[in-house]
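The values are calculated or read from the model by the stated rules, or taken from the named source; none is laboratory data. Keep in mind the model is a prediction, meaning the values are calculated, not measured. In this analysis, Cβ positions are derived from the backbone assuming ideal geometry, glycine residues included, and neighbour counts consider all displayed protein chains. When the accessible area is computed, the model is the full protein with side chains, heavy atoms only, and any ligands, DNA or RNA have been set aside. Shrake-Rupley method; radii C 1.70, N 1.55, O 1.52, S 1.80 Å.
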Amino acid sequence: MTALDEPTAEVTAAEFRDAIGHFATGVTIVTSIGADGEPVGTTASAVTSLSLDPPLVLVCFDRASLTLHAVRTHGAFVVNVLAAPQRHLSANFARRGLAAAWDGVRHRPGPTGSPRLDGVLAALECTVEDSIPGGDHEIVVGRVHAIETDGKDAAPLLYWRGAYGSLGEA
Ligand SMILES: Cc1cc2nc3c(=O)[nH]c(=O)nc-3n(C[C@H](O)[C@H](O)[C@H](O)COP(=O)(O)O)c2cc1C
């Protein structure tokens, strides 16, 4: 038996979630447009800068995500990077399916039609460049066509070990 054939130590989902939760992230709302023309969005922390030239980001979507389905159909999405006071938006858009309420969520369409949320630290407007299976998730690679930053040096919303935080908090 070679090293490659040897069974790896089994890790439960709970153990994996707990361990990877030690990796602090920012929080984004990834928005797009559904087949009915209505805005959709999901809270996403599995978002990474991928390439500078060309400018690419990747987002890891749960295969069951309705936002993922909209992104596939619409072919474009916006990564909205949340500021510390926007934790309520993270909770709102973490509700499964189309339960996320858009009432009271101020937004406007960007060049691809996907919603840009007001008050975010940055909005990255993307078209779908590629889509790769990743276990129970799908990795969507987005090509960044337009960006907007708030330029106010506001604090970011952070997520760490299952709880929200911000820079400077103990
Ligand atoms: C802080 C936080 C980060 C999350 N990150 C992701 C993520 O990166 N990818 C994902 O698919 N779901 C993520 N979720 C869960 C989704 O937001 C949640 O399943 C949502 O209901 C999906 O909505 P949709 O089916 O309308 O797209 C996250 C939730 C929270 C609270």
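Taking the condition of being open to solvent by 30 Å² or more (accessible area, probe 1.4 Å) and assigned to a strand (DSSP E or B), how many residues in the stretch 135-155 meet it? Steps first, please.
Applying the first criterion (open to solvent by 30 Å² or more (accessible area, probe 1.4 Å)) to the stretch 135-155 yields 135-137, 139, 143, 145, 147-155.
In the following step, the residues that additionally are assigned to a strand (DSSP E or B) were identified as 137, 139, 143, 145, 147-149.
Qualifying residue count for the region: 7.
Restricting to the stretch 88-127, name every residue that is assigned to a strand (DSSP E or B), open to solvent by less than 20 Å² (accessible area, probe 1.4 Å) and either closer than 12 Å to Ser32 by Cα or among the acidic types (Asp, Glu) (or both).
Listed by number, the residues that qualify are Pro115, Leu117, Glu125, Cys126.
So, in the stretch 31-84, of the ones that are of a type in the set (S, T, N, Q) and within 11 Å of Cys126 (Cβ to Cβ), which residue ends up surrounded by the most Cβ atoms within 10 Å (Cβ to Cβ)? Can you show your working first?
To start, the set of residues in the stretch 31-84 that are of a type in the set (S, T, N, Q) comprises 31-32, 42-43, 45, 48-49, 51, 65, 67, 73, 80.
Retained after the next criterion (residues that are within 11 Å of Cys126 (Cβ to Cβ)): 31-32.
Details: Thr31: 29, Ser32: 27.
Selected residue: Thr31.
Would you call Gly165 touching a Leu at 6+ places or on another chain (Cβ under 9 Å), modelled with pLDDT under 95 and surrounded by 16 or more Cβ atoms within 10 Å (Cβ to Cβ)? So that I can check it myself, show each step before the final result.
Working: touching a Leu at 6+ places or on another chain (Cβ under 9 Å): yes; modelled with pLDDT under 95: yes; surrounded by 16 or more Cβ atoms within 10 Å (Cβ to Cβ): yes.
Yes: the conditions hold for Gly165.
Quick one: is Val59 under 10 Å from the mean Cα position of the chain (by Cα) and more than 12 Å from the ligand (Cβ to nearest atom)?
Numbers: under 10 Å from the mean Cα position of the chain (by Cα): yes; more than 12 Å from the ligand (Cβ to nearest atom): no.
Considered against the rule, which asks whether it is under 10 Å from the mean Cα position of the chain (by Cα) and more than 12 Å from the ligand (Cβ to nearest atom), Val59 comes out as no.
State whether the residues of the stretch 28-40 include one that is within 9 Å of the ligand (Cβ to nearest atom), in contact with a helix residue (DSSP H, G or I) (Cβ under 9 Å, 6 or more places away or on another chain) and assigned to a helix (DSSP H, G or I).
no
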